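A short worksheet on the structure shown next.
Each reported figure results from applying straightforward, stated rules to the coordinates on display, with no laboratory input. This is a predicted model, so every value here is computed, not measured. With ideal geometry, Cβ positions are generated from the backbone for all residues, glycine too; neighbour counts draw on all protein chains shown.
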Amino acid sequence: MIIIIIIIIIIIIVVVVVVVISIIVVIVIIIIINLINELTIDCLFWLIISGGNSGIGKAAALELAKRGARVIIGCRNKVKAEAAVTLIRRRTGSDAVHYLPLDLASLESVKQFVDMFIKQYGPAYALVNNAGIQ
Ligand SMILES: NC(=O)c1ccc[n+]([C@@H]2O[C@H](COP(=O)([O-])OP(=O)(O)OC[C@H]3O[C@@H](n4cnc5c(N)ncnc54)[C@H](OP(=O)(O)O)[C@@H]3O)[C@@H](O)[C@H]2O)c1
């Protein structure tokens, strides 16, 4: 009888420990996710996103600008690029979102983009190689 009681007590202790550990793990995960969501980018240099006028590139530009990054979107279509810049600026309240012409299918355009970027913005903070050419 005593042995059965001891086994039941041990089982209860194990269950309680597992539940407590699970709760702690969930709390730590929630804290880490919140910390990641609150990460900000505090850098004077500009970040380049290729093809940031639509899709994943535009979403990335929006999120990075929201976090304080200075963003250049490199796009081949001026009208779409300017529309994206306007929208990102409006949604983030940041003026540090610019567009430079870039057609990745043309090496000449890539060279011109690099020249313009270095001349106007200096060193790059980061490059998001988003646009893929088919
Ligand atoms: N969506 C997915 O599920 C998925 C999955 C795996 C990988 N990817 C990759 O992630 C990247 C973005 O995907 P997405 O779904 O956001 O594509 P998307 O909506 O088609 O956007 C592609 C972007 O790249 C630009 N682009 C295409 N060719 C270009 C060129 N020659 N020069 C400059 N910009 C150019 C487009 O500009 P225009 O508006 O002028 O065309 C557009 O802004 C692509 O490389 C894709 O292969 C996507």
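Charges on Cβ only, +1 for Lys and Arg, -1 for Asp and Glu, centred on the Cα centroid of region 46-128; of G93, Y121, W46, which one is farthest towards the dipole's positive end?
Checked the options; the winner is G93.
Could you please rank Y121, Y99, placing first whichever residue has the fewest other Cβ atoms within 10 Å of its Cβ? Let's see the in-between values first.
Details: Y121 18, Y99 23.
Listed from fewest to most nearby Cβ atoms, that is Y121, Y99.
Using +1 at the Cβ of each Lys and Arg and -1 at the Cβ of each Asp and Glu in the chain, identify which of I9, V71, I24 lies farthest towards the dipole's positive end.
V71
Determine the relative contact order of the chain: mean sequence separation of Cα pairs under 8 Å and six or more apart, normalised by residue count, in whole percent. Walk me through the intermediate numbers first.
Working: 171 pairs, mean separation 33.9, N = 134.
Relative contact order of the chain: 25 percent.
About the Cα centre of the chain, what is the dipole size in debye to 20, counting +1 per Lys and Arg Cβ and -1 per Asp and Glu Cβ, all else neutral? Display every interim value, and only then the final one.
Details: 12 positive and 8 negative charges, 77 e Å.
That gives a dipole near 380 debye.
To make sure I understand the rule: partners must be lysines, Cα under 17 Å from the Cα of K78, and not fewer than 8 residues away in the same chain. Which ones qualify?
Counting by Cα, and skipping residues close in sequence, K78 has these lysines nearby: K58.
Enumerate the aspartates and glutamates that K111 could reach by cross-link, defined here as Cα to Cα under 12 Å, with residues fewer than 8 away along the same chain left out.
D103
How do the peptides 87-96, 34-43 rank, highest first, by the average count of neighbouring beta carbon atoms within 10 Å per residue?
Answer by packing, highest mean first, reads 87-96, 34-43.
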